[in-house]
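Read through the structure below, which is laid out as structure tokens, and then see the notes.
The values are calculated or read from the model by the stated rules, or taken from the named source; none is laboratory data. The shown structure was predicted, so the numbers you read here are calculated from the model rather than taken from an experiment. For neighbour counting, all protein chains shown are included, and Cβ atoms are generated from backbone atoms with ideal geometry for every residue, glycine included. The protein model used for the area step is the full one, side chains on, heavy atoms only, and it has no ligands, DNA or RNA in it. Shrake-Rupley method; radii C 1.70, N 1.55, O 1.52, S 1.80 Å.
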Amino acid sequence: MSCSNDDDIYTPSTNDTTVESLLTEIDFSGFAIVTKNGQDVVRQGFGLANQNTGLPQDYNLAYRIGSVTKTLTAAAIVQLKRDGLINSYSQTLSEFNQEFPNGNEITIQHLLSHQSGIPEYQFIAEQAFDSGMELDESDLYEVITDLISDNGLNFIPGSDKQYCNSNYLIAALLIEQLSGMTYHDYIQQKIFNPLGMSNSYRGTNTIDLNTHAQGYLDGNVNSTYPMAITFGAGDFSSTPEDLETWTNAISTNWFTQAEKEEIFAKNVPSGFVDFGLGWFTTQEGSNTMYWHGGDINGYWSMIGFIPEYDATIVLLSNQQDNTGTQRNTIIQQLLTNEFN
């Protein structure tokens with residue numbers, strides 16, 4: 001569910017091709033939306049949503065979105081700050097839980113921008129589930145705090161950046177602590193309901209094939225996953241329609257201008273990627289793309305926008321891509337050709 005490999009800096013290409021042709025050439029399977037200056041560049045499905053039934057990809061069909069979930073978690077933290085439940089992103093974790101190891105060094109901003117140095121819990125959790133253990137978010141939190149207590153942080157908070165799902169599980173638990181609501185209820189009531197995102201929901205271990213695209217890896221069904229592992233970091237499913245709504249809200253007026261100044265990474269050198277608070281910034285020449293990707297068994301995803309072209313990008317794939325090659329190829333094409 002991470003974006004570790006697929007968020008590497010890419011090498012720009014001069015290959016001239018249309019977005020639709022590119023998606024066909026790289027064998028993209030899923031639903032793609034790319035708009036430019038308010039007009040559709042591409043809005044269609046590619047391949048099948050279910051190879052057994054022949055179900056086509058669809059604008060209203062659900063897909064696992066993996067780490068795109070992190071954009072929702074980060075937005076919820078922003079909402080808590082609006083409501084006065086958080087005073088500043090520079091507040092430390094020890095202000096909310098004095099027993100959190102090294103909590104006096106780690107700020108909310110460190111969490112949301114992957115600068116905390118907190119170790120990754122995902123692989124330990126997956127091994128536990130594979131051995132038959134059942135873990136919830138409280139158990140996973142304990143795994144994280146034990147890792148810190150036993151081995152320390154990976155680096156001094158704020159001195160480096162390392163993509164890590166642990167940051168967002170902790171952020172989701174902080175949302176519960178401060179709001180008095182469950183994390184998923186908070187996202188539902190504060191984001192999905194106001195925007196009319198009626199087909200976005202907490203993912204289940206086994207998908208409903210009546211409403212959800214089947215997920216594949218190398219042509220084989222691969223859609224089952226213990227979703228408790230992804231709490232706050234990658235546990236939602238959504239549709240192209242709903243994620244287009246969410247991306248357009250972010251690019252326009254969901255955040256105030258002052259909030260955007262704090263959320264999105266600035267002064268990123270051309271050809272580089274940097275973390276903001278829940279969003280990546282990729283710079284290519286004068287073009288800036290704000291985006292987030294996601295990967296989880298059987299699926300990959302990406303949402304983003306390019307303000308210079310009033311552009312929206314939503315990509316939901318039901319063909320797992322462990323290397324992130326498809327996403328990087330598409331980003332490369334968009335920034336060096338379509339939006340250049």
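Summary table
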read-out	value
Subset of region 176-191 [surrounded by fewer than 23 Cβ atoms within 10 Å (Cβ to Cβ) and touching a helix residue (DSSP H, G or I) at 6+ places or on another chain (Cβ under 8 Å)]	Glu176, Leu178, Ser179, Met181, Thr182, Tyr186, Lys190, Ile191
Yes/no for Ser270 being among the polar types (S, T, N, Q), under 30 Å from Gly158 (Cα atoms), open to solvent by 30 Å² or more (accessible area, probe 1.4 Å) and touching a residue at least 60 places away in the same chain (Cβ under 8 Å)	no
Test result for Leu140, at pLDDT 95 or above and open to solvent by 20 Å² or more (accessible area, probe 1.4 Å)	no
Criterion: closer than 17 Å to Ala76 by Cα and part of a helix (DSSP H, G or I) - qualifying residue of Ile229, Ile250	Ile250
Qualifying residue in region 254-277 (condition: under 26 Å from Leu173 (Cα atoms) and in a strand (DSSP E or B))	yes
Residue that is touching a strand residue (DSSP E or B) at 6+ places or on another chain (Cβ under 9 Å), open to solvent by less than 20 Å² (accessible area, probe 1.4 Å) and free of Cβ contacts under 8 Å to residues at least 40 places away in the same chain, where the choices are Thr288, Thr282, Thr312	Thr288
Within region 1-25, tally of residues that are at pLDDT 50 or above and either within 19 Å of the chain's Cα centre (by Cα) or closer than 19 Å to Pro56 by Cβ (or both)	3
Selection within region 194-203 - surrounded by fewer than 15 Cβ atoms within 10 Å (Cβ to Cβ) and under 17 Å from Thr71 (Cβ atoms)	Pro194
Filter result (closer than 23 Å to Ser251 by Cβ, among the hydroxyl-bearing types (Ser, Thr, Tyr) and open to solvent by 10 Å² or more (accessible area, probe 1.4 Å)) within region 36-69	Tyr59
Output for region 59-81, where each listed residue is in a loop (DSSP other than H, G, I, E, B) and either among the β-branched types (Val, Ile, Thr) or at pLDDT below 95 (or both)	Ile65
Test: residue in region 117-135 that is open to solvent by less than 20 Å² (accessible area, probe 1.4 Å) and at positive phi	yes
Enumeration of residues in region 161-214 that are assigned to a helix (DSSP H, G or I) and either aromatic (Phe, Trp, Tyr) or in contact with a strand residue (DSSP E or B) (Cβ under 6 Å, 6 or more places away or on another chain) (or both)	Tyr168, Tyr183, His184, Tyr186, Phe192
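Rundown of residues vs (1) within 29 Å of Ser116 (Cα to Cα); (2) in contact with a helix residue (DSSP H, G or I) (Cβ under 8 Å, 6 or more places away or on another chain); (3) touching a residue at least 40 places away in the same chain (Cβ under 8 Å); (4) of a type in the set (Lys, Arg), yes/no style:
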{"residue": "Phe275", "(1), (2), (3), (4)": "yes, no, yes, no"}
{"residue": "Gly304", "(1), (2), (3), (4)": "yes, yes, yes, no"}
{"residue": "Asn322", "(1), (2), (3), (4)": "yes, yes, yes, no"}
{"residue": "Ile330", "(1), (2), (3), (4)": "no, yes, yes, no"}
{"residue": "Gln333", "(1), (2), (3), (4)": "no, yes, yes, no"}
